[in-house]
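Here is the structure we will look at, set down as structure tokens.
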Amino acid sequence: MASALYEIAVRGSVGSSVLAALEGFEVVARNAGGTTLRGRVVDQAGLHGVLNRISGFGLELTRVAPVAGHPEGEGVDFDPPQEGPG
């Protein structure tokens with residue numbers, strides 16, 4: 001399987017230690033609510049590794065998606081459910 005380009009959005013800001021742990025990923029957007037990262041993953045196991053590292057920093061995932069228009073851009077588009085009144 002060829003590598004795929006992914007965008008991963010997290011709630012909050014991402015510091016240099018997180019970027020260092022996510023080799024090859026870069027910040028592509030920042031807004032008041034969060035940060036979007038973009039980078040290549042080799043396969044599904046590599047994607048899970050990246051997501052586990054993000055989780056290890058205590059960051060909340062808000063979106064994980066292959067980059068549209070990228071040749072290997074087929075795959076999972078993950079939008080977690082929004083927490084509502086309980």
- request: Count, please, the residues in the stretch 60-84 that happen to be open to solvent by 70 Å² or more (accessible area, probe 1.4 Å), within 17 Å of Val42 (Cβ to Cβ) and modelled with pLDDT under 50.
  value: 2
statement: Taking the stretch 21-32 and keeping residues over 16 Å from Gly46 (Cα atoms) and open to solvent by less than 70 Å² (accessible area, probe 1.4 Å) leaves Val27, Val28, Ala29
message: Can you pull out every residue in the stretch 1-20 that is open to solvent by less than 50 Å² (accessible area, probe 1.4 Å), more than 15 Å from Val64 (Cβ to Cβ) and among the hydroxyl-bearing types (Ser, Thr, Tyr)?
response: Ser3
message: Just the residues that are part of a strand (DSSP E or B) and either free of Cβ contacts under 8 Å to residues at least 12 places away in the same chain or open to solvent by less than 90 Å² (accessible area, probe 1.4 Å) (or both), please, taken from the stretch 33-59.
response: Gly34, Thr35, Thr36, Leu37, Arg38, Gly39, Val41
query: Name the residues in the stretch 9-24 that are assigned to a loop (DSSP other than H, G, I, E, B) and either in contact with a helix residue (DSSP H, G or I) (Cβ under 8 Å, 6 or more places away or on another chain) or not acidic (Asp, Glu) (or both), would you?
result: Gly12, Ser13, Val14, Gly15, Leu22, Gly24
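The values are calculated or read from the model by the stated rules, or taken from the named source; none is laboratory data. All of these numbers come straight from a predicted model, not from anything done at the bench. Virtual Cβ from ideal backbone geometry, glycine too; neighbours counted across all protein chains shown. These accessible areas exclude ligands, DNA and RNA; they are computed on the full protein's heavy atoms, side chains included. Shrake-Rupley method; radii C 1.70, N 1.55, O 1.52, S 1.80 Å.
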